[in-house]
Amino acid sequence: METLWFCLVAVMIAMYVVFDGFDIGAGIIHNFVAADDAERRKVLASIGPVWDGNEVWLLAAGGTLYFAFPKLYASSFAGFYLPLIIVLWLLILRALAIEFRSHIQSDLWRPFWDVVFGGASLLLAVFYGAALGNVVRGVSLDARGDFFLPLWTNFRVGAEVGILDWYTILVGVLAAATLTLHGSLWVALKTDGELQQRAHRWARLAWPVTALLTVVVTIATFAIQPQVPGNFARYPWGAIFPVLALAGLVGMRLWLRLETERNAFLASCLFILGMLTSAAFGLYPYVLPATTGPEFGLTIYNTATAGYGLRVGLAWWIPGMLLVAAYFVFTYRRFAGKIRLDQVGHY
């Protein structure tokens, strides 16, 4: 049951990144891809009906993590207190920017919220990537499974680390490039005309950066976290996950060249799923490794709730996720097609 719930949490986090990732990516390029206020409104309208629903995956993943691995939840929320508060503020600022920008007709008001939206989206992508980097690298856990990290120490990977070092910053930059690519493909899928062509250009610029950083981060991960190459050596079948990521990366390049927006966006989804499942497979059974020694690491076995609770929770999780899936299928089917200016509404 512990392994099953580890897989479920990993998939839910990956689904959050796939769905809310294009919202964040659209925010990153929002001020650069749109030439005027009408086009900025179209970019916002491309995510308007779904962005808040996409964040349900974050809440669901957090709730599932709390239920299935309560010790991990308690330890990580105490240790990552500062970055979690920063992420919370960035989420709030993005929501305020989307909802407030069109409430007042002013040459100062709208540009202000556009800058807030773009800046919060970029920083959110970087912090999400840095968070993943911290989980892969490990933190300075003690014998009780507790830790607290400063924002940075000496920017080196070692026993006493900070939230930001050269590795976590590198993963943060990769996350920003990946979500910029993902968001550009979404905007290209949902728009037409000059706006679509500019989104295509941003995607073509972001692809080589993402590909290069993927290679660099992969090499760095194998160098600093021995659990990852060890798992891939012990279980060769796990190579399917990086193969999926590679297929997504190559597919994006191919369909970008052909300007087939839907296939390119789906390839981006596959790339993100492949990368995140590769990270989860590489860390298993750890949910939070320790830089202070492998014996201090948090695993699915020393952080999971009781077996009976996991079994009962699964009985409730399945119908709940079926309802979520049905809601998403209905929403995205209703929202299919290109955005037209007469559909923009209050954005």
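Every number in this text was worked out from the coordinates using simple rules, so none of it is lab data. Since this is a predicted model, take the numbers as computed values, not measurements. Neighbour counts are summed over all protein chains in view; Cβ atoms, including those assigned to glycine, are modelled from backbone coordinates with ideal geometry.
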Item to check | Crossing angle, helix 166-190 versus the chain [Cα axis fit, 0-90 degrees, rounded to tens] | outcome: 40 degrees
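Grab the eigenvalues of the alpha-carbon gyration tensor for the stretch 221-304, scale each by 5, take roots, and send me the semi-axes largest first in whole angstrom.
So the equivalent ellipsoid measures 32, 12, 10 Å along its semi-axes.
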Checklist entry - Using the alpha-carbon atoms, what tilt in degrees (0 to 90, nearest 10) does helix 70-79 show relative to the longest principal axis of the chain? => result 70 degrees
Checklist entry - For q = 0.11 Å⁻¹, what log10 I(q)/I(0) does the stretch 1-131 give under the Debye formula with an equal point scatterer on each alpha carbon and no solvent? => result -0.44
Checklist outcome for this item: The alpha-carbon center of the stretch 165-189 and that of the stretch 193-215 are separated, in whole Å, by 11 Å
Checklist outcome for this item: Amide H neighbours of L288 at under 5 Å, excluding residues fewer than 5 places away on the same chain, with H built from the backbone geometry, are L298
Checklist entry - Ranked highest first by the average count of other Cβ atoms within 10 Å around their residues, in what order do 311-320, 18-27, 211-220 fall? => result 18-27, 211-220, 311-320
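Any idea what the dipole of the chain comes to, in debye rounded to 20, about its Cα centre with Lys/Arg Cβ at +1 and Asp/Glu Cβ at -1? Before the final figure, lay out each step's value.
Working: 23 positive and 21 negative charges, 127 e Å.
Once rounded to the nearest 20, the dipole reads 600 debye.
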Checklist entry - Cα to Cα, under 22 Å, and not fewer than 8 places away if on the same chain: which lysines meet these conditions relative to K338? => result K42, K190
Next on the checklist: Order 169-182, 142-155, 274-287 from most to least packed using the mean count of other Cβ atoms within 10 Å.
Outcome noted: 169-182, 274-287, 142-155
Checklist entry - What does the helix-only formula give at 222 nm for the chain: each DSSP H stretch with n ≥ 4 adding -39500 (n - 2.57), the total divided by the residues, and the result rounded to the nearest 500 deg cm²/dmol? => result -25500 deg cm²/dmol
Checklist entry - Can you give me the Cα centroid spacing of the stretch 298-322 and the stretch 228-249 in angstrom? => result 26 Å
Next on the checklist: To make sure I understand, if each residue's beta carbon is the centre and we count other beta carbons within 10 Å, what order do C269, C7 fall in, fewest to most?
Outcome noted: C7, C269
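Which three numbers, in whole Å and largest first, are the semi-axes of the equivalent ellipsoid of the stretch 74-226 derived from its Cα gyration tensor as √(5λ)?
33, 22, 10
Starting from the alpha-carbon convex hull of the chain, give the projected area averaged over all orientations, in nm².
Approximately 17.3 nm², given one-decimal rounding.
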